[in-house]
Each structure stands twice: as structure tokens, then as C-alpha cells.
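Comments concern the structure below.
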Amino acid sequence: MRMRIKPMTANFIPPVYKTEGAAAFDIFLQHDLTLTPHNPVTFGLGFGAGMDEGYSAELLPRSGVGRKYGVRLLNTIGLIDYDFDGEWAVTLDCDKPCSFKRGDRILQCVIRWAARATDIEVETNKRGLESGSTGVCNMNGSR
């Protein structure tokens, strides 16, 4: 899979895989950032990207900032489709006050194959929409 990064800020610091075995590449902050608890901040990552058809990108906080400060994406995960061509952005929240500098790595990105259903069929059997004993929708009607 080939990714084409499109910088959208001056002096752009490009993402990088830090080790040969890394599953995710690190995303560098393009500007200083201060977070205060329960006060979400939305900001652009300074780039857009093109991916091969059928792939998607998942943005996640790096585990260290999650563990130390409770930094998290407000919508729990950032999912970017291969055909999105705008600037990547996130909304972050935290549990403890924290400040980061331009060039810090607080986010990471995993590229995944995004299989699509070849057909989406609506079940017409009302029994198929009943809840099972766990309260989870059981699409085949069994309990």
C-alpha cells in the first residue's frame, strides 16, 4: 500500500515509522498544544493523504500520552476513508492538564484493509430483529 502525504502547513514534519516492526506510524504535532481536562480541542494535523483504494487509516493516541495524561480522541477513534482528500484533524480531550511542543509525537496511525460488504440485505423476517438473552440484536432469530 502506498500513501501520498500532502503537507498543508509550513515546515511540515512528516509522519514516520519509528521502528522496523512498528504497526503504526507516528504523527508529529505541527504546533504547540495545551490540553485541559474535559475541554476538548479540535485541530488539524497539517496534512492530508491519499491512500490506495480499499484502505483506511485509524488515528489513535500513542499509549504513553493515554496512560500518563488520559489523552483520548473525543470520538474514541479517528477513521479516515481512502477517498477523503481534506486535512486530517482530531478532537482531543484529557484527564490531566498537559502541554506538548511542536514535533512531539502524541498520535499514531494504523493503515488497514477496509473490506466492504458486496451487498447489504435488509432482513424482512420480524423474528430476526428480536433481542437475544444478552440484549444484543440476534439477526438469525435464534436465542
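The values are calculated or read from the model by the stated rules, or taken from the named source; none is laboratory data. Keep in mind that this is a model prediction, so the values were computed, not measured. Side chains are part of the model used for accessible areas, which takes the heavy atoms of the whole protein and leaves out ligands, DNA and RNA. Shrake-Rupley method; radii C 1.70, N 1.55, O 1.52, S 1.80 Å.
Classify segment 62-126 as rounded, prolate or oblate, taking a ≥ b ≥ c as the square roots of the eigenvalues of its Cα gyration tensor: rounded when a/c is under 1.5, otherwise prolate if a/b is larger than b/c and oblate if not. Could you put the intermediate results ahead of the total?
Working: a/c = 3.22, a/b = 2.04, b/c = 1.57.
Prolate, since a/c reaches 1.5 and a/b exceeds b/c.
Given only helices, namely DSSP H runs of n ≥ 4 each adding -39500 (n - 2.57), what is the per-residue ellipticity at 222 nm of the chain, to the nearest 500 deg cm²/dmol? Can you show the working numbers first?
Values: 1 runs with 7 residues, N = 143.
The helix contribution divided over the chain gives -1000 deg cm²/dmol.
Share of segment 1-111's accessible area from carbon and sulfur, percent, 1.4 Å?
Numbers: 2980 of 6000 Å².
Carbon-and-sulfur percentage of accessible area, whole number: 50.
Per residue, how much accessible area does segment 1-120 have with a 1.4 Å probe, in Å²?
Values: 7080 Å² over 120 residues.
That works out to 59 Å² per residue.
Dividing the Cα radius of gyration by the Kirkwood radius, what Rg/Rh value follows for the chain?
Details: Rg = 19.3 Å, Rh = 17.5 Å.
Rg/Rh for the chain comes to 1.10.
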